[in-house]
Amino acid sequence: MRIVIVDDDMLVSSALKTILEVNEDVQVEGMGSDGKEAIALYERYRPDVLLMDIRMKDMSGLDASREILKAYPQAKILLLTTFSDDEYIVKALKYGVKGYLLKQDYNSILPALQAVQTGQTVFGTEIISKLPGLLQEKKVYDWEAHEISEKELQVISLVAEGMSNREIAAELYLSEGTVRNYISNILEKLELRDRTQLAVYYLNAVR
C-alpha cells in the first residue's frame, strides 16, 4: 500500500512513517506540510491513500481534499486530526473523504488505512457517536457559495470573537498585512462594509 503523509508537524509525520512502515506492505512515498503540498504530492505519486492533517498553516486539509477530489474523484483520503469539530466532520462527509480519525487513535490508523484502500469509509469511535446528530441537524451554511475558503472562514470566526488583526495574525501564523488582505477580500465577497457587519453576518449564519 502506497501512502502519502501530510502534516504541518514534521515530528508527527516522521512518527507516522516509522509506525506505518513497520508493516512490510506499507510504503510512504512522500511527506508534505500543507494542503498545497498535498495536492502536488497526490498528483505526483497518485498514492493508494492520502493521510492528511486538517488544520495547517497555508492551506487546510479540507480545502486540499476538496481540490483533489474535484480533480480525482477516485482519490482515497483519510483525515487525521486532533479536532472533532462538527463543521469539519460535515465538510469531510460532503467532500467525499474516506475517513476521519483523531490523532490519539494511533492503534486505529493502520487498520483504517487498509479499510480505506479497499473502498470502505472509516470514522473513529468518537466521530461515529456524533454522526446521527449531525445528519439530523439543519444544513450547514454554504460558505462555498460565496467562494469563502477554509482559511477565510477561520479569519471570519476570529473577527466575530472580537480579535484584532494582530491577534488574528498571531493565532493563524500570518502577518498583519495578510490578515488585512483576507478581511478586505472577505468583505468584498460578502458585499459587507466593515468588521462589525462581518461579525453579525457570521453569527447569524452559524445559529
For the stretch 104-109, in order, what is each residue's ³J(HN,Hα) by Karplus, 6.51 cos²θ - 1.76 cosθ + 1.60 with θ = phi - 60°, in whole Hz (x at glycine and Pro)?
6, 7, 4, 5, 8, 5
Once the Cα gyration tensor of the stretch 2-136 is diagonalised, semi-axes √(5λ) in Å:
20, 17, 14
With 10 angstrom as the radius, rank GLU176, GLU150 by how many other C-beta atoms surround their C-beta, starting from the fewest.
GLU176, GLU150
Over the stretch 1-70, what portion of Cα pair distances is larger than 18 Å, expressed as a whole percent?
30
Measuring from the longest principal axis of the C-alpha atoms of the chain, the long axis of helix 150-160 (C-alpha) lies at a number of degrees, nearest 10, equal to 40
If the limit is 22 Å between Cα atoms, which of LYS17/LYS70; LYS98/LYS189; LYS17/LYS76; LYS36/LYS151 go over it?
LYS17/LYS70; LYS98/LYS189
From the residues LEU20, TYR202, VAL159, which one has its Cα farthest along the dipole of the chain in the positive direction, the dipole being from +1 and -1 charges on Cβ of Lys/Arg and Asp/Glu about the Cα centre?
TYR202
Sequence gap at least 6, Cα distance under 8 Å: using those rules, report the relative contact order of the chain to the nearest whole percent.
14
Once amide hydrogens are built 1.01 Å from N within the peptide plane, the residues lying 5 or more places from ILE77 or on another chain with amide H under 5 Å from its amide H are LEU50, LYS98, GLY99
What does the charge dipole of the stretch 143-206 about its Cα centre add up to, to the nearest 20 debye, if the Cβ of each Lys and Arg holds +1 and the Cβ of each Asp and Glu holds -1?
160
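None of the figures in this text is laboratory data; all of them are computed from the coordinates on show. All values derive from a computational prediction rather than experimental measurement. FYI the Cβ positions are ideal-geometry reconstructions off the backbone, even for glycines, and counts take in every protein chain you see.
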